[in-house]
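The values are calculated or read from the model by the stated rules, or taken from the named source; none is laboratory data. It should be emphasised that the depicted structure is a prediction, and the values quoted were computed from it without experimental measurement. Cβ coordinates were reconstructed from backbone atoms using ideal geometry, including for glycine residues, and neighbour counts include every protein chain displayed.
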């Protein structure tokens, strides 16, 4: 027991060093003997005994599209990465990290809680009908997500990914991985700027004549290489940490670099709004942005993310949720905007709400839809 405490104390003291090291060199975990063999054997055994024989559960096969507005609903769901709510000036942050969104009549929800502290947990969870309390990683791999339910209803679906995959959520619909082949000028050091996700987006939306949901998965503020997330012209807050080795940077440099990535996300989201606004004449358009989890930037000596939820700080569990609704969308959905603004300041929203909110946004009716979990329900 004493040795465990000693190890924990040492790990805590050098957390900054280890966080960057493990994130930059994930292969290290496979070099731990015999831990890697034990873990691999356990996972293989569990799969063979449990998952290999689990039937796939379809949800919402009764789903129907009830849009009778005479115009298609075209919604863009932007999925953020490692984005913490408290660094958004829309939510009261001292720095102006949202200069463009603040000019676009968006609604930003305060104190929104994530399902997990890592992408591998939060993304499958937030698109599932499970809550954080009932989430099971094995079960979620063997059942439909809200994307599948929308597919059952005949909604046109597209997933564009710039963050290493959708964690199984988009496996049964059309999905496109962003690579340098699409536009080499937007990629460097093995990753692409999120601008690449907007490639041909306007054209695709212009062509839609049926209800459509497009998910664009940002690389956002994925660390520790925050400096790789934005082009040089977005290097606004300085000095920056232009390395993946956070232990070689001050907290100020880390925070500056991270805030620049938020500034760039603000730019991307604003372009999405402008694209949708341009199509308001032929479609009911809307954008919903939600990040998967937050990020620690050195508070209490903690960096990055992924701590167990029970001990994770609020920086890792509080995420942004931002809405933009066109006038035609508000009208067709009979949304009381002032009611929605009031709700956005009350707190209490979590990623548990996303499943039912997307169903409501797309006018999809099904027995599994729970109106009380739709963030628009009280304001229609």
TODO: Would you mind stating whether residue 123 is in contact with a helix residue (DSSP H, G or I) (Cβ under 7 Å, 6 or more places away or on another chain) and either in contact (Cβ under 8 Å) with a residue 40 or more places away in the chain or over 26 Å from residue 223 (Cβ atoms) (or both)?
DONE: no
Open item on the list: Can you tell me which residue is surrounded by the fewest Cβ atoms within 10 Å (Cβ to Cβ) among those in the stretch 126-140 that are touching a helix residue (DSSP H, G or I) at 6+ places or on another chain (Cβ under 7 Å) and part of a loop (DSSP other than H, G, I, E, B)?
Closed with: 131
Task: Filter result (loosely packed, with under 14 Cβ neighbours inside 10 Å and part of a helix (DSSP H, G or I)) within the stretch 342-377 - done: 342, 371, 372
Open item on the list: One residue is enough: does the stretch 317-328 have a residue meeting the conditions without any contact (Cβ under 8 Å) to a residue 24 or more places away in the chain, more than 16 Å from residue 82 (Cβ to Cβ), in the same structural domain as residue 71 (by TED's automatic domain parsing) and surrounded by fewer than 23 Cβ atoms within 10 Å (Cβ to Cβ)?
Closed with: no
Open item on the list: Based on this model, can you work out whether residue 102 counts as in a helix (DSSP H, G or I), within 21 Å of residue 273 (Cβ to Cβ) and modelled with pLDDT of 95 or more?
Closed with: yes
- [ ] Check the stretch 71-93 and report whether any residue there is modelled with pLDDT of 95 or more, out of contact with any helix residue (DSSP H, G or I) (no Cβ under 9 Å at 6 or more places or on another chain) and not in a helix (DSSP H, G or I).
- [x] yes
